[in-house]
Amino acid sequence: MQRKPGSRYTLYDTAGVEAVLDRMAAEIAGRIAGRRVQLVGMLRRGAPLAAALHARLVGAHGLALAAPLAIKVRRYGDDLSLEHPETALQE
């Protein structure tokens, strides 16, 4: 099947995404039961995923988890030369 250039392709509809998240939560629940864990998601796309998994792990699987954390990650965040070109590490 050919698509027109620029057209979007949908891998999952809403029900499909919900089913995938349910399966992911079930798999995670089996691995973390009885452990102290913290869900962390990167802002933009990871944070909503962490929140959705958290809701399922708490609601459907009865796990007691702290609220998920959202972190902001910048490209090359550890490379000061990009942010502060005057910084030069010398030996």
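Read the figures in this text as sums done on the coordinates, not as results from a lab. Computed from a prediction, not measured in an experiment: that's the story for all the values here. Using ideal geometry, Cβ is built from the backbone for each residue, glycine included, and neighbour counts are taken over all protein chains shown.
Of note:
- Long-range amide H partners of M42 with built H, under 5 Å: A47, I71
- In segment 14-73, the trypsin sites (Lys or Arg not before Pro) that fall in loop regions by DSSP, at most 10 other Cβ within 10 Å: R35, R36, R44, R45, K72
- 3J(HN,Hα) along segment 28-42, derived from phi through the Karplus expression 6.51 cos²θ - 1.76 cosθ + 1.60 where θ = phi - 60°, amounts to 5, 4, x, 8, 10, 3, x, 10, 8, 9, 9, 7, 10, x, 6 Hz, with x in place of Gly and Pro.
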